[in-house]
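So the structure is just underneath, and the comments pick up after that.
The values are calculated or read from the model by the stated rules, or taken from the named source; none is laboratory data. In this text, all values refer to a predicted model and were calculated from it rather than measured experimentally. Because the Cβ atoms are built from the backbone with ideal geometry, glycine has one as well, and the counts that use them run over all protein chains shown. The protein model used for the area step is the full one, side chains on, heavy atoms only, and it has no ligands, DNA or RNA in it. Shrake-Rupley method; radii C 1.70, N 1.55, O 1.52, S 1.80 Å.
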Amino acid sequence: MFPWRNLQIMKNIRLTMAEDYCTIEEDEVREIREALENETLTSAVAKIQDYFEQLDRVELNIAITGESGSGKSTFVNAFRGLGDEEEGSAKTGVTETTMEPTVYPHPKYPQVKVWDLPGIGTPNFKADEYLQKVQFQRYDFFIIIASERFKVSNVQLATEIQRTKKKFYFVRSKIDNCINAEKRKKGFDKDKTLSLIRQDCITGLQESGVESPTVFLISSFDLQLYDFPQLEETMERELPKHKQRVLLLSLPNITLDINQRKKEALQANIWKMALLSGTIATVPIPGLSVVVDVSILVKELTSYYQAFGLDDESLQNLSEKTNVPLEELKAVLRSPLNKEISADVVIKLLTKFAGAGLMLLEYWVSTIPVFGSMAAGGTSYATTHSMLTSCLNELADDAHNVLMRALQTEV
């Protein structure tokens, strides 16, 4: 038992809460505080480590369905940040190419699984039998896609999904084709055209018995242009809290708002990472805290890099979609982490933030009963929190600059 050993760490947690009050759950703080005050150090560390392991195990299954030729497979690819011709992409075509439910894991977040379901709308289609066939219970929600007006089969499926207490969303695809066709007409008004398409879909659904339907207009080739951001926010909001984060981080970086919300989601975990570092720093074993700090930081910084799409593959994909040369996108990157994230780099950064002497002092101070543990824990907590916050800000700024460069050319 060590009810007072970690007062300095808890003080740091309270200070962090003041900074990040909007993203930290009070019950999380209470649980970890109780572990620090009433349990063994090993137990407290285990609770924090288990939290991160649970995050890695969170699985999200998204079902994409609709009539043949509606653009289901193209949407599957776009959602995963892939083009139709890339390795691992869903097969696309003008005829139905999906005969059985086919799973496509996200290339960076394999726990996010996007399922391309067989097309609906055949003469023998029966919504209840369809759901049983595709094993509806394994999906967190359904996206029902139509490239024209929603038909009876779409409504039948939605009604059956509703009975299973699952969420579903109506998506009108191929909006880019509609806009391009209307552009040829005199007096073309983009906003008016979009409003007419949306109202036509809503009217059709209402005539089929759907009350107060919401329809999202999208182009899988330009997700940022129409209603995809609103669709994503709705899906995220209606998911259980523990699944919201994995959906957000897996999204393609297509808007500044998505980038900002990713930053906030990643920021919310920094205090837990710092706390893990701080609690281990109170164990008087030479080198243990430094080793753990390096391991924590390499993993966490890599996750930032991945979430913001700053790797070469993601930048290349963005370059191809926006017709901005890859070299121009890379030219706006400022963080040194864009060159390498390794143990050596992290050790240099730790030295910058804490000083090499401070890391050595951490061990010697930790051997002093009570006060030594408090000082060592506080030092490690503060250093880890400060470094992760700074690096996250740098990479978020780079992601912002990359997207601004890409969007400026599109405009």
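Miscellaneous remarks
- Looking across region 211-241, the residues that are at pLDDT 90 or above, touching a helix residue (DSSP H, G or I) at 6+ places or on another chain (Cβ under 7 Å) and aromatic (Phe, Trp, Tyr) come down to 216, 226.
- The requirement of being open to solvent by 30 Å² or more (accessible area, probe 1.4 Å), in contact with a strand residue (DSSP E or B) (Cβ under 7 Å, 6 or more places away or on another chain) and within 28 Å of residue 82 (Cα to Cα) is satisfied by residue 103.
- A residue that is more than 27 Å from the chain's Cα centre (by Cα), surrounded by 14 or more Cβ atoms within 10 Å (Cβ to Cβ) and at pLDDT below 55 occurs somewhere in region 82-96.
- Residue under evaluation residue 188, criteria (1) open to solvent by 30 Å² or more (accessible area, probe 1.4 Å); (2) out of contact with any helix residue (DSSP H, G or I) (no Cβ under 8 Å at 6 or more places or on another chain); (3) not hydroxyl-bearing (Ser, Thr, Tyr), criterion not met: (2)
- Scanning region 228-240 for residues that are in contact (Cβ under 8 Å) with a residue 24 or more places away in the chain and either more than 11 Å from the chain's Cα centre (by Cα) or surrounded by fewer than 20 Cβ atoms within 10 Å (Cβ to Cβ) (or both) yields 228, 229, 231, 234, 235, 238, 239.
- Taken over region 350-392, the residue count meeting the criterion of being of a type outside the set (S, T, N, Q), part of a helix (DSSP H, G or I) and modelled with pLDDT of 50 or more is 13.
- Residue count for region 323-349, restricted to those that are in contact with a Ser or Thr (Cβ under 7 Å, 6 or more places away or on another chain), in a helix (DSSP H, G or I) and surrounded by 19 or more Cβ atoms within 10 Å (Cβ to Cβ): 1
- Residue list for region 150-179, filter: among the polar types (S, T, N, Q) and open to solvent by 80 Å² or more (accessible area, probe 1.4 Å): 156, 162, 177
- Top-ranked residue of region 302-322 - restricted to ones that are hydrophobic (A, V, I, L, M, F, W, C) and more than 14 Å from residue 388 (Cβ to Cβ), ranked as surrounded by the most Cβ atoms within 10 Å (Cβ to Cβ): 308
- Residues in region 119-134 that are of a type outside the set (Gly, Ala, Ser) and in a loop (DSSP other than H, G, I, E, B): 122, 123, 124, 125, 126, 134.
- Every test in (1) within 25 Å of the chain's Cα centre (by Cα); (2) crowded, with 19+ Cβ neighbours inside 10 Å; (3) of a type in the set (S, T, N, Q) is passed by residue 137 save one, and that test is (2).
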